[in-house]
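The values are calculated or read from the model by the stated rules, or taken from the named source; none is laboratory data. Predicted, not measured: the structure shown is a model, and the values here were computed from it. For neighbour counting, all protein chains shown are included, and Cβ atoms are generated from backbone atoms with ideal geometry for every residue, glycine included.
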Amino acid sequence: MTHLITATELAHEIEDVVVLDVRWALTTANTPAGRADYDAGHVPGAFFVDLDTELAAPPGDGGRHPLPDPAVVEALLRRAGVSEHSRVVVHDGKESYAAARAWWVLRWVGVADVRVLDGGYAAWLAAGLPVSTEEPADRHGDMQVRPGHLPTLDASGAAALARDGLLLDARAPERYAGETEPIDPVAGHVPGAVNSPTTAWVTADGTFRRDLAEHWERVRAGHEGGDGVGVYCGSGVTAAHEMLALAELGVDTVLYPGSWSEWIRDPLRPVATGHFPG
């Protein structure tokens, strides 16, 4: 079963699905990132979702994007008219980094049918499909969320998986290696983690690459054994994107939601540098 949907397929199903627009950027001023883009034009009937406030809790000991309060997620789902049997499609601007976070969070709280628009809003526009500037009214859904449908890792679990299984670091190679760190106060990676930049899983047009299986074989070369696969990034957003790619291959993965921004909160946790697992 694919977790992706094309723009043409979405256009054919648009009357039967709930569409959530999760356009987002790392930096924002007073307006939720992506809101201006949504207001300028969006998939007809789509509801805007603010990743920073609706798909994450405030920054703190749990990192820059801790898991959200389930009540907040329930409120956004009800606003969009989601019920237990709704089919939901999420998208962002192009590469599906933010959309993958929504895909993971919604499944974590119990939404069973969630797909990601491959290529995001850019793919919708490239297909010549209609856009709207009208924001839909509250649909008063009745979804009752139940968090915990997907497993997660804490720092101890991430360390154990890096030692006994395969823990993937989805950040850029230079951040993994500790050569630069533009966001977090400490550079480096979880000792034993293997670098697998999530940017390598997509093509220039933002869609997932067609040779996912071959790419996965290269990523895990030399790490085929062990007890499972975990993924982390800077704050648990782009890690979900890599998990989405692996889900397309039928590979089960576990998210470390706190990721690097949570790992470094404890100065006693070890930090590795260099381009190979430390």
| note | Screening 200, 247, 187 for residues that are in contact with a His (Cβ under 6 Å, 6 or more places away or on another chain) and of a type outside the set (Ser, Thr, Tyr) leaves only 247
| note | Over region 238-278, the set of residues surrounded by fewer than 20 Cβ atoms within 10 Å (Cβ to Cβ) and among the acidic types (Asp, Glu) is 248, 252, 266
| said: For region 220-240, give me each residue that is farther than 12 Å from residue 167 by Cβ and touching a residue at least 40 places away in the same chain (Cβ under 8 Å). | reply: 234, 235, 236, 237, 238, 240
| task | Say whether the condition of being farther than 16 Å from residue 172 by Cα, in contact with a strand residue (DSSP E or B) (Cβ under 8 Å, 6 or more places away or on another chain), of a type outside the set (A, V, I, L, M) and not assigned by TED's automatic domain parsing to the domain that holds residue 102 is met by at least one residue in region 227-240. | result | yes
| field | Scan of region 162-177 for residues that are crowded, with 20+ Cβ neighbours inside 10 Å and either without any contact (Cβ under 8 Å) to a residue 24 or more places away in the chain or of a type outside the set (Gly, Ala, Ser) (or both), ordered by number | value | 166, 167, 168, 169, 171, 175, 176
| message | Any residue at all in region 126-144 that's under 29 Å from residue 203 (Cβ atoms), at pLDDT 95 or above and not in a loop (DSSP other than H, G, I, E, B)? | response | yes
| note | Listed by first then second residue, the pairs whose first member lies in region 38-62 and is surrounded by fewer than 19 Cβ atoms within 10 Å (Cβ to Cβ), whose partner is of a type in the set (Asp, Glu), with beta carbons under 7 Å and at least 6 positions apart or on separate chains, are 57/69
| Given the residues 250, 236, which is the only one that is modelled with pLDDT of 95 or more, within 14 Å of the chain's Cα centre (by Cα) and on the phi > 0 side of the Ramachandran plot? | 236
| field | Residue satisfying condition, being outside any helix (DSSP H, G or I) and either touching a Ser or Thr at 6+ places or on another chain (Cβ under 8 Å) or in contact (Cβ under 8 Å) with a residue 40 or more places away in the chain (or both), within set 105, 72, 111 | value | 111
| Restricted to region 110-134, and to residues that are among the charged types (D, E, K, R) and in contact with a Phe, Trp or Tyr (Cβ under 8 Å, 6 or more places away or on another chain), which residue is farthest from residue 68 (Cα to Cα)? | 118
| field | Within region 212-249, tally of residues that are acidic (Asp, Glu) and either farther than 22 Å from residue 2 by Cα or touching a helix residue (DSSP H, G or I) at 6+ places or on another chain (Cβ under 7 Å) (or both) | value | 4
| message | Cβ-Cβ distance below 7 Å, separation of 6 or more or different chains: which pairs start in region 178-202 with a residue that is free of Cβ contacts under 8 Å to residues at least 60 places away in the same chain and end on one that is among the aromatic types (Phe, Trp, Tyr)? | response | 201/208
| query | Is one or more of the residues making up region 236-258 in contact with a Gly (Cβ under 7 Å, 6 or more places away or on another chain) and among the charged types (D, E, K, R)? | reply | no
| query | Do you know which of the residues in region 173-186 that are in contact with a helix residue (DSSP H, G or I) (Cβ under 7 Å, 6 or more places away or on another chain) and not hydroxyl-bearing (Ser, Thr, Tyr) is nearest to residue 153 (Cα to Cα)? | reply | 184
| request: Look at residue 122 and say whether it is crowded, with 17+ Cβ neighbours inside 10 Å, outside any loop (DSSP other than H, G, I, E, B), more than 20 Å from the chain's Cα centre (by Cα) and at pLDDT 95 or above. | output: no
| note | Going through region 75-99 in order, the residues found to be within 16 Å of residue 139 (Cβ to Cβ) and assigned to a loop (DSSP other than H, G, I, E, B) are 80, 81, 82, 83, 84, 85, 86
